[in-house]
Amino acid sequence: MKLLVCIKQVPDLESRFKPNAEGVWYNETDLAWRMNEYDEYAVEQAVQLREKLGEGTELTVLSIGPDRVVEAVKKALAMGADNAVHIQDPAAAGKDPWQIASIIAAYAKDKGFDIIFTGMQSQDRGSAQVGVTVAEQLGFSCTTTIVGFECDGGNITAKRELEGGIKSVVKMKTPALVTCQLGLNVPRYPTLPNIMKAKKKEITAIPVADLLKDEALATTASFHPPAKKGGGIVLEGDTGVLVDQLIAILKDKTAVLR
Amino acid sequence: MKTLLIGEYREGKLLDSTYELLGFASQLGAETAMLLVGSESQLPAYGGTLYLADVAACAEYNPDLHKQLILDAVQKENPDYIVFLHSSYGWDLAPRVAASLRIAQVSEITSIVEGGFEVGCCNAKMRRTVKPNSVRAVLTIQAGAFPVLQPGGAPQLQKVSAAGSGTLEFVGYEPAEKKDVDLGKAEIIVSAGRGIGKKDNVPVIAALAKALGGELGASRPVVDAGWVEHSHQVGTTGQTVSPKLYVACGISGAIQHLAGMKKSDFIVAINKDKDAPIGEVADVLVVADVMQFVPALTAKLS
């Protein structure tokens, strides 16, 4: 079987975000980078399947972006992917979901992948479009937001997470794409021996211009903080003082403190 | 301007969230038509054109068939926008429709603004204004972001069907895990988020819940990590709550969490990040280390 997992490198979401010079995305300076959390679950699920199937199965990890994304790719290799593709694009952040999906589909279309794993969305952009759009462009079966996954030969049984905690059970055949939700599994931490082993694994670099032919379908006009709703009180300072202030407010504004 | 609204139906019922689509269309000042895979016994209180496909033939989840029904309705209605809720149904189906038509999709719209649509990004800390480049576009709207509008009346039915069976087989539903705690009835909830740092710190949050006479709640990451049972989870995939007092401890405020608790009467958030989105709904934001502040508060209350 041939497996592909697509990952994105995103900033630490605890960071403070400031608009870039064009005012259409965040300024990248002073940010710490990591693998998109949803994609860690996708990598883990792909690696688990790779381990179950053993010899004759190949798991490729793909990421699009500037050179920094190789760090996230290396983590996926250390988690257990066999090889990697880095689609080199310093301007990836300016591309819309359709273009990102088109790049992945252009790479994957003649490779004979049986299953593609992606996160259900990125933590920074959060459009939840790329995975499904890749599947549509490739003509793969697809289901989203999975919290359960089993693969037996060419048959996949997936559990989708719905609102209110109910799940729906779906069956489909390969070739297929699944988008992974948090909680699907427990992503492993790469061990030191596996980090060392990963250094020898091949990372193929492909310039984005070789794969992208499509124009963007949507444009970001601005990137900005949410409008402050106001009304909320912000308390800062010494813990002891804060405790007294909060208790006073609760006594004043709510009926729950007696 | 014209919109085609895609209604939602699950476990034999029309979902109330369908009326949020009408609230959105009204804010947009657009004409509407609706498509629903549902049943004649559960029609929306809406007087416009309703393309109704029988759920017995198309299943509640069959994206290939549902996509085909939508594409057929788009041909007839020629809408400017095809509008879904940003839900497990909508975010699954919308990109399929957009890709088939090769048009833009704008995801999880929170408001209509000058020059486009505003959407959340960076874990809801920031916003983007997005403008479709295509003449027609697919839109998904954030659950709870637009008012419920129930216009009343009986729809003008157009019964439709789709050929084939699709590539996915919908087997059925698995019920939500049984709840040993009914947070929906709690007057006070104190919830733990990832900011508490580790599982060993859960009792510290539980102690504050006890001191206040309330129940322990939790955000999704804390439940996924196995620190707290799922029955305590507050949010879209857990319980939706509206207590008299909600205390969010170390919870950044992902949209899915906010949707489950923002109707609480009074919200206190304790977070070291002053910009965390929980601040948007909090009546009081205490900027502090949660593991220092909470024990001090509990001690003072006890």
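The values are calculated or read from the model by the stated rules, or taken from the named source; none is laboratory data. None of the values given here were measured: they were computed from a predicted structure. Glycine gets a Cβ as well: all are built from the backbone with ideal geometry, and neighbour counts include every protein chain shown. For the accessible areas, the whole protein counts, side chains as well, though only heavy atoms, and no ligand, DNA or RNA atoms are used. Shrake-Rupley method; radii C 1.70, N 1.55, O 1.52, S 1.80 Å.
Summary table
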item: Residue check, A:D124 open to solvent by less than 20 Å² (accessible area, probe 1.4 Å) and of a type in the set (D, E); result: yes
item: Lone qualifier among B:A207, B:A145 - being among the hydrophobic types (A, V, I, L, M, F, W, C), open to solvent by 30 Å² or more (accessible area, probe 1.4 Å) and over 23 Å from the mean Cα position of the chain (by Cα); result: B:A207
item: Identity of the residue in the stretch B:148-165, of a type in the set (A, V, I, L, M, F, W, C) and in a strand (DSSP E or B), that ends up surrounded by the fewest Cβ atoms within 10 Å (Cβ to Cβ); result: B:L157
item: Test: residue in the stretch B:232-252 that is open to solvent by 10 Å² or more (accessible area, probe 1.4 Å) and among the aliphatic types (A, V, I, L, M); result: no
item: Only one of A:A101, A:A91 that is at pLDDT 95 or above, small (G, A, S) and within 16 Å of the chain's Cα centre (by Cα); result: A:A101
item: Scope the stretch B:188-203; condition open to solvent by less than 40 Å² (accessible area, probe 1.4 Å) and under 18 Å from B:A288 (Cβ atoms); matching residues; result: B:V190, B:S191, B:A192, B:G193, B:I196, B:N201
item: Qualifying strands (runs of 3 or more DSSP E) (wholly inside the stretch B:36-132; at least 3 residues being within 15 Å of A:A218 (Cα to Cα)); result: B:104-113, B:116-121, B:126-132
item: Within the stretch A:47-151, helices (runs of 4 or more DSSP H) holding 1 or more residues that are within 14 Å of another protein chain (Cβ to nearest Cβ), touching a Ser or Thr at 6+ places or on another chain (Cβ under 9 Å) and closer than 23 Å to B:K67 by Cα; result: A:97-108, A:130-138
item: Hits in the stretch B:211-224 - residues which are farther than 17 Å from B:M291 by Cβ, open to solvent by 20 Å² or more (accessible area, probe 1.4 Å) and more than 11 Å from every other protein chain (Cβ to nearest Cβ); result: B:E215
item: Residue within the stretch A:25-45 that is assigned to a helix (DSSP H, G or I) and in contact with a Phe, Trp or Tyr (Cβ under 6 Å, 6 or more places away or on another chain) present; result: yes
item: Those residues of the stretch A:9-24 which are part of a loop (DSSP other than H, G, I, E, B), within 23 Å of A:I87 (Cα to Cα) and either without any contact (Cβ under 8 Å) to a residue 12 or more places away in the chain or of a type in the set (A, V, I, L, M, F, W, C) (or both), in sequence order; result: A:V24
item: Residues (within 12 Å of chain A (Cβ to nearest Cβ) and either open to solvent by 40 Å² or more (accessible area, probe 1.4 Å) or of a type in the set (A, V, I, L, M) (or both)) located in the stretch B:166-182; result: B:T167, B:L168, B:E169, B:F170, B:V171, B:Y173, B:E174, B:P175, B:A176, B:E177, B:K178, B:K179
item: Residue match in the stretch B:92-107 (condition: under 17 Å from the mean Cα position of the chain (by Cα), open to solvent by less than 60 Å² (accessible area, probe 1.4 Å) and among the hydroxyl-bearing types (S, T, Y)); result: yes
item: Qualifying residues in the stretch B:1-14 (those that are in a loop (DSSP other than H, G, I, E, B) and over 22 Å from B:D72 (Cβ atoms)) - the one most open to solvent (accessible area, probe 1.4 Å); result: B:E11
item: Residues of the stretch A:81-94 satisfying the condition of being surrounded by fewer than 19 Cβ atoms within 10 Å (Cβ to Cβ) and among the charged types (D, E, K, R); result: A:D82
item: Qualifying residue in the stretch A:42-59 (condition: buried (at least 23 other Cβ atoms within 10 Å of the Cβ) and of a type in the set (S, T, Y)); result: no
item: Single residue of the stretch A:60-80 satisfying the filter (out of contact with any His (no Cβ under 9 Å at 6 or more places or on another chain) and within 20 Å of A:A106 (Cβ to Cβ)) that is surrounded by the most Cβ atoms within 10 Å (Cβ to Cβ); result: A:V61
item: Hey, B:I278 over 19 Å from the mean Cα position of the chain (by Cα) and open to solvent by less than 50 Å² (accessible area, probe 1.4 Å) or not; result: no
item: Which numbered condition B:A259 fails, given (1) at positive phi; (2) open to solvent by 10 Å² or more (accessible area, probe 1.4 Å); result: (1)
item: Strands (runs of 3 or more DSSP E) (entirely within the stretch A:167-220) containing at least 3 residues that are surrounded by 15 or more Cβ atoms within 10 Å (Cβ to Cβ); result: A:167-173, A:176-180
item: Boolean, A:G164 is in contact with a Ser or Thr (Cβ under 9 Å, 6 or more places away or on another chain) and either open to solvent by 60 Å² or more (accessible area, probe 1.4 Å) or within 7 Å of another protein chain (Cβ to nearest Cβ) (or both); result: yes
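Residues checked against (1) open to solvent by less than 20 Å² (accessible area, probe 1.4 Å); (2) within 14 Å of chain A (Cβ to nearest Cβ):
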position: B:S17; (1), (2): no, yes
position: B:L28; (1), (2): no, no
position: B:A45; (1), (2): no, no
position: B:L50; (1), (2): yes, no
position: B:A59; (1), (2): no, yes
position: B:L65; (1), (2): yes, yes
position: B:S87; (1), (2): yes, yes
